Amino acid sequence: MDRQQFQLDSFLRENIKDLKPYSSARDEYNEVSGDMVFLDANENPFQNGVNRYPDPQQYKVKSQLSKLKDISTDNILLGNGSDEVLDLIFRAFCEPNKDAIITLPPTYGMYDVLANINAVRNIKIQLSSDFEPNYDDVLSAANTQAKLLFLCSPNNPTANSFKADTIEKLILNFKGIVIIDEAYIDFSKDESWIRRLKEFPNLIVTQTLSKAYGMAGIRLGVCYASTEIISVLNRIKPPYNVNELTQLKALERLSKPTAISEEIKRILEQRDWLILELKKIEFVDTVYASDANFILVKVDDADTRYTGLIQQGIVVRNRTNQPLCENCLRFTVGTQQENIKLITALTNL
Ligand SMILES: *Cc1c(COP(=O)(O)O)cnc(C)c1O
């Protein structure tokens, strides 16, 4: 949608439009300087590193991200993993038992779980056999109740990025909010859609520190969108949704971007090696192209091969019950040593 047509208010839930957020002690007074005495939040005054509430706006982490991604802090919202960010989006836009979302299976399972939790209908439009969105089917399924369209690109579990021109046409023509889940963008050759946020007022991009940034354990998800959308999500997020330890760890990691890109480089080298080796395995039918840190592979019999790998101490993901993924296993790219073990185990099957 273009700027003139788009009215954010018309997509918001009624109760969210004029919601007054909880005002925390740290929201009301946030000029933290060394010599102030803080007696406003009923905290224990004895210092142990975490006796104070964390910064509800995670200013330092956002500033780091803002520099790394070249985007204003006002276009960033952080959450307890992308899962929380996605849930906030549901709660801002979807009226329970009335509104719907559109997802494109096979894709990330959390969209459906969140739709169920929020009592929102999930209209599923299967990807084409080459794992691309069926543009016409998506738009014809979109009705006035379809508020959100989830595009996972690179997509989990298929590992491909959707064609940029299809994504662009969907953002332009879907009469609702388009969420592009870029959990795997740092492994992709394509550019992030955060570069295009200014053009599309109905676009939200989510990313995470769980994959390329190597911090799944701290739970930090990132949402990039217009200042209008970010300010709505800010009003409904729990005040202290990102804890102090997470903020500290994230800052430490984000201050060493070269260490992160070095790891990404190694993972990509390993991905290329794995793809070559997997193609040599006799019961492997198809090794799908990957733009992520995992590889989808069609084998002769996924259940048997899955169990065979478990018996050799290797756990992979069996995706055989997902649409278009019959007899498919999903392999995460590990360290060189782990990948050699995987190939050896497959050879032994
Ligand atoms: C792993 C993954 C995420 C990450 O979720 P977090 O809650 O940030 O760990 C998001 N989307 C997709 C498609 C994923 O595969």
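The values are calculated or read from the model by the stated rules, or taken from the named source; none is laboratory data. Since the model is a prediction, treat every value here as computed from it, not as a measurement. All Cβ positions, even for glycine, are placed from backbone atoms using ideal geometry, and neighbour counts span all protein chains on display. Heavy atoms of the whole protein, side chains included, go into the accessibility calculation; ligands, DNA and RNA do not. Shrake-Rupley method; radii C 1.70, N 1.55, O 1.52, S 1.80 Å.
I'm checking my understanding of the structure. Among residues of the stretch 325-349 that are open to solvent by 70 Å² or more (accessible area, probe 1.4 Å) and in a loop (DSSP other than H, G, I, E, B), which one is nearest to Tyr288 (Cα to Cα)? So, considering only residues that are open to solvent by 70 Å² or more (accessible area, probe 1.4 Å) and in a loop (DSSP other than H, G, I, E, B), the one nearest to Tyr288 (Cα to Cα) is Glu326.
Could you tell me how many of the residues in the stretch 9-68 are among the polar types (S, T, N, Q), part of a loop (DSSP other than H, G, I, E, B) and open to solvent by less than 50 Å² (accessible area, probe 1.4 Å)? Break it down stepwise before answering.
Narrowing the stretch 9-68 to residues among the polar types (S, T, N, Q): 10, 15, 23-24, 30, 33, 42, 44, 47-48, 51, 57-58, 63-64, 66.
Subset that is part of a loop (DSSP other than H, G, I, E, B): 23-24, 30, 33, 42, 44, 47-48, 51, 57-58.
Okay, now just the ones that are also open to solvent by less than 50 Å² (accessible area, probe 1.4 Å), so 24, 51, 58.
Qualifying residue count for the region: 3.
Going by the conditions given, is Leu296 touching a Ser or Thr at 6+ places or on another chain (Cβ under 6 Å) and closer than 19 Å to Tyr184 by Cα? Spelling it out, Leu296 is indeed touching a Ser or Thr at 6+ places or on another chain (Cβ under 6 Å) and closer than 19 Å to Tyr184 by Cα.
Output the residues belonging to the stretch 285-305 that are open to solvent by 20 Å² or more (accessible area, probe 1.4 Å) and farther than 26 Å from Ala212 by Cβ. Once the filter is applied, which keeps residues that are open to solvent by 20 Å² or more (accessible area, probe 1.4 Å) and farther than 26 Å from Ala212 by Cβ, the stretch 285-305 yields Asp285, Asp300, Asp301, Asp303, Thr304, Arg305. Applying the set (1) open to solvent by 60 Å² or more (accessible area, probe 1.4 Å); (2) closer than 29 Å to Leu251 by Cα to Asn116 leaves exactly one unmet item: (2).
Scanning the stretch 265-284 for any residue that is farther than 30 Å from Gln64 by Cα, assigned to a strand (DSSP E or B) and touching a Cys at 6+ places or on another chain (Cβ under 9 Å) turns up nothing.
Here is a check on your reading of the model: is Gln322 open to solvent by 50 Å² or more (accessible area, probe 1.4 Å), within 30 Å of Ile185 (Cβ to Cβ) and touching a residue at least 12 places away in the same chain (Cβ under 8 Å)? Write out each step before concluding.
On the way: open to solvent by 50 Å² or more (accessible area, probe 1.4 Å): yes; within 30 Å of Ile185 (Cβ to Cβ): yes; touching a residue at least 12 places away in the same chain (Cβ under 8 Å): yes.
Yes: the conditions hold for Gln322.
For the stretch 73-86, enumerate the residues that are more than 10 Å from the ligand (Cβ to nearest atom) and within 12 Å of the chain's Cα centre (by Cα). Please lay out each step first, then the result.
Taking the stretch 73-86 as the starting set, the residues that turn out to be more than 10 Å from the ligand (Cβ to nearest atom) are 73-78.
Hit for the stretch 73-86 is Leu78, nothing else.
Within the stretch 213-232, if we keep just the residues that are in a loop (DSSP other than H, G, I, E, B) and open to solvent by less than 10 Å² (accessible area, probe 1.4 Å), the residue that is farthest from the ligand (Cβ to nearest atom) turns out to be Ala225. For the stretch 268-283, check the following and say yes or no: at least one residue is open to solvent by less than 60 Å² (accessible area, probe 1.4 Å) and closer than 30 Å to Gln58 by Cα. Among the residues of the stretch 268-283, not one is open to solvent by less than 60 Å² (accessible area, probe 1.4 Å) and closer than 30 Å to Gln58 by Cα, which makes the answer no. The selection criterion, being more than 16 Å from the ligand (Cβ to nearest atom) and in contact (Cβ under 8 Å) with a residue 40 or more places away in the chain, holds for Lys175.
Taken together, the criteria place Thr166 among residues that are touching an Asp or Glu at 6+ places or on another chain (Cβ under 9 Å), surrounded by fewer than 21 Cβ atoms within 10 Å (Cβ to Cβ) and not in a loop (DSSP other than H, G, I, E, B). I'd like to check something: does the stretch 194-212 contain any residue that is assigned to a strand (DSSP E or B), near the ligand (Cβ under 10 Å from one of its atoms), touching a residue at least 60 places away in the same chain (Cβ under 8 Å) and among the small types (Gly, Ala, Ser)? Checked against the condition, which is being assigned to a strand (DSSP E or B), near the ligand (Cβ under 10 Å from one of its atoms), touching a residue at least 60 places away in the same chain (Cβ under 8 Å) and among the small types (Gly, Ala, Ser), the stretch 194-212 yields no hits at all.
Being touching a helix residue (DSSP H, G or I) at 6+ places or on another chain (Cβ under 8 Å) and within 24 Å of Leu19 (Cα to Cα), is that true of even one residue in the stretch 209-221?
Residues of the stretch 209-221 that are touching a helix residue (DSSP H, G or I) at 6+ places or on another chain (Cβ under 8 Å), as a first pass: 209-215, 218-221.
Imposing the further condition that a residue be within 24 Å of Leu19 (Cα to Cα) reduces the set to 221.
Taking every residue of the stretch 209-221 in turn, at least one turns out to be touching a helix residue (DSSP H, G or I) at 6+ places or on another chain (Cβ under 8 Å) and within 24 Å of Leu19 (Cα to Cα).
Report yes if Lys175 is out of contact with any strand residue (DSSP E or B) (no Cβ under 9 Å at 6 or more places or on another chain) and either open to solvent by 20 Å² or more (accessible area, probe 1.4 Å) or modelled with pLDDT under 95 (or both), otherwise no. Considered against the rule, which asks whether it is out of contact with any strand residue (DSSP E or B) (no Cβ under 9 Å at 6 or more places or on another chain) and either open to solvent by 20 Å² or more (accessible area, probe 1.4 Å) or modelled with pLDDT under 95 (or both), Lys175 comes out as no. Can we say Cys152 is crowded, with 16+ Cβ neighbours inside 10 Å and more than 16 Å from the ligand (Cβ to nearest atom)? Spelling it out, it is not the case that Cys152 is crowded, with 16+ Cβ neighbours inside 10 Å and more than 16 Å from the ligand (Cβ to nearest atom). Glu84 meets each of the listed conditions (1) in contact (Cβ under 8 Å) with a residue 60 or more places away in the chain; (2) closer than 23 Å to Glu199 by Cα; (3) part of a helix (DSSP H, G or I) apart from (2).
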